[in-house]
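Here is the structure we will look at.
The values are calculated or read from the model by the stated rules, or taken from the named source; none is laboratory data. Note that the structure is a prediction, hence the values are computed from the model and not measured. All Cβ positions, even for glycine, are placed from backbone atoms using ideal geometry, and neighbour counts span all protein chains on display.
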């Protein structure tokens with residue numbers, strides 16, 4: 001005959017709390033410098049640890065006494081607050097703007113209601129477990145929404161185990177609220193307590209794993225983003241721009257939409273570096289990119305093409321739109337450069353457009369480069385269109 005497995009509920013909760021404490025201390029150390037999402041996740045683990053410590057400590061005092069009342073209420077406040085921080089972390093990791101109204105309101109209701117109704121055991125068990133179900137439901141809802149950024153499969157694993165935890169908590173709420181005589185103690189050897197203790201331990205492990213995997217996903221996205229940007233100006237780098245420009249060119253051909261390209265070169269940039277220093281030259285490049293951002297539309301794509309050269313691709317823009325863009329950029333520089341740099345900043349530009357379906361980005365760049373060279377040879381500070389547009 002097989003032996004019956006006996007599950008010691010208090011021991012499981014003690015082990016879980018001990019492991020939570022280790023994780024709360026270890027995560028900040030091993031994760032190092034992190035952003036808001038990871039800090040919220042770490043705070044959630046820490047609050048959950050404090051909550052369980054308070055809950056276990058409350059069991060060492062006189063049942064129903066002031067210490068039991070205080071520690072139990074503080075425990076519920078910490079555990080429910082940890083869910084708020086988890087909700088923020090998962091929203092940010094999924095690319096959503098953090099919104100905590102629902103979980104925060106539930107946390108406040110949890111603490112206030114639990115503290116007021118503490119003397120009624122049936123009420124406080126039903127209240128605490130029922131509201132935790134609602135809080136977990138808000139987190140599950142967040143995880144089930146379509147992410148705004150690519151995320152791993154860790155979120156579905158969390159959804160499954162959080163849903164299991166919701167079922168267990170709902171059973172505890174019903175048993176404590178309506179069958180109190182059969183469920184008189186949180187640490188008693190009842191089946192629902194044993195299942196809850198086991199699922200809570202599993203959730204502790206999965207929460208830490210999810211945090212680490214989500215943080216890894218975010219780090220990978222950040223590395224990918226940085227690989228696409230110019231380190232000094234924050235504009236796209238040449239490689240990333242070429243990839244996007246090729247896609248936009250294909251779309252332009254497919255939908256018979258105009259496509260324009262500007263190749264811009266800052267005038268006398270070497271003189272700026274020699275006269276004012278490289279720090280001011282770097283500032284000039286950064287200011288130029290700020291201007292490009294200010295005058296560009298949503299569909300315009302620009303990059304630092306190399307050195308003091310920049311390239312802009314304007315989708316669905318005819319020649320008049322390109323000239324208007326050029327004029328806006330020159331006005332912006334005339335207004336901001338003297339104030340920011342202490343001197344005027346100008347550029348020369350070559351303009352080209354897709355004239356044939358067989359045109360490639362390289363061909364357009366070559367034609368724009370010829371026009372740029374002509375603009376510089378004619379005295380700089382001007383924009384010229386490519387020869388192919390004159391003959392079109």
**Flag if residue 169 is at pLDDT below 85 and surrounded by 15 or more Cβ atoms within 10 Å (Cβ to Cβ)** = no
When you look at residue 57, is it touching a helix residue (DSSP H, G or I) at 6+ places or on another chain (Cβ under 7 Å), part of a helix (DSSP H, G or I) and surrounded by fewer than 18 Cβ atoms within 10 Å (Cβ to Cβ), yes or no? yes
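Between 98, 77, 41, which is more than 22 Å from residue 202 (Cβ to Cβ), modelled with pLDDT of 85 or more and either in contact with a strand residue (DSSP E or B) (Cβ under 9 Å, 6 or more places away or on another chain) or surrounded by 16 or more Cβ atoms within 10 Å (Cβ to Cβ) (or both)?
Only one candidate passes the filter, namely 77.
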Checking 168, 209 in turn, the sole residue that is over 25 Å from the mean Cα position of the chain (by Cα), on the phi < 0 side of the Ramachandran plot and touching a residue at least 12 places away in the same chain (Cβ under 8 Å) turns out to be 168
* In this structure, is residue 152 surrounded by fewer than 18 Cβ atoms within 10 Å (Cβ to Cβ) and modelled with pLDDT under 90? -> yes
Checking 326, 359, 369, 352 in turn, the sole residue that is surrounded by 14 or more Cβ atoms within 10 Å (Cβ to Cβ) and out of contact with any strand residue (DSSP E or B) (no Cβ under 8 Å at 6 or more places or on another chain) turns out to be 359
Qualifying residue in the stretch 143-158 (condition: closer than 17 Å to residue 47 by Cβ and either touching a helix residue (DSSP H, G or I) at 6+ places or on another chain (Cβ under 8 Å) or not assigned by TED's automatic domain parsing to the domain that holds residue 54 (or both)): no
Exactly one of 302, 196 is in contact (Cβ under 8 Å) with a residue 12 or more places away in the chain, in the same structural domain as residue 27 (by TED's automatic domain parsing) and over 30 Å from residue 32 (Cα atoms), and that residue is 196
Can residue 126 be described as surrounded by fewer than 16 Cβ atoms within 10 Å (Cβ to Cβ), in a helix (DSSP H, G or I) and more than 26 Å from the chain's Cα centre (by Cα)? no
Screening 339, 331 for residues that are loosely packed, with under 14 Cβ neighbours inside 10 Å and at pLDDT 95 or above leaves only 331
Note: among 243, 292, 314, just one is modelled with pLDDT of 90 or more, in the same structural domain as residue 354 (by TED's automatic domain parsing) and more than 26 Å from the chain's Cα centre (by Cα), namely 314
When (1) free of Cβ contacts under 8 Å to residues at least 60 places away in the same chain; (2) assigned to a helix (DSSP H, G or I) are applied to residue 201, the one that fails is (1)
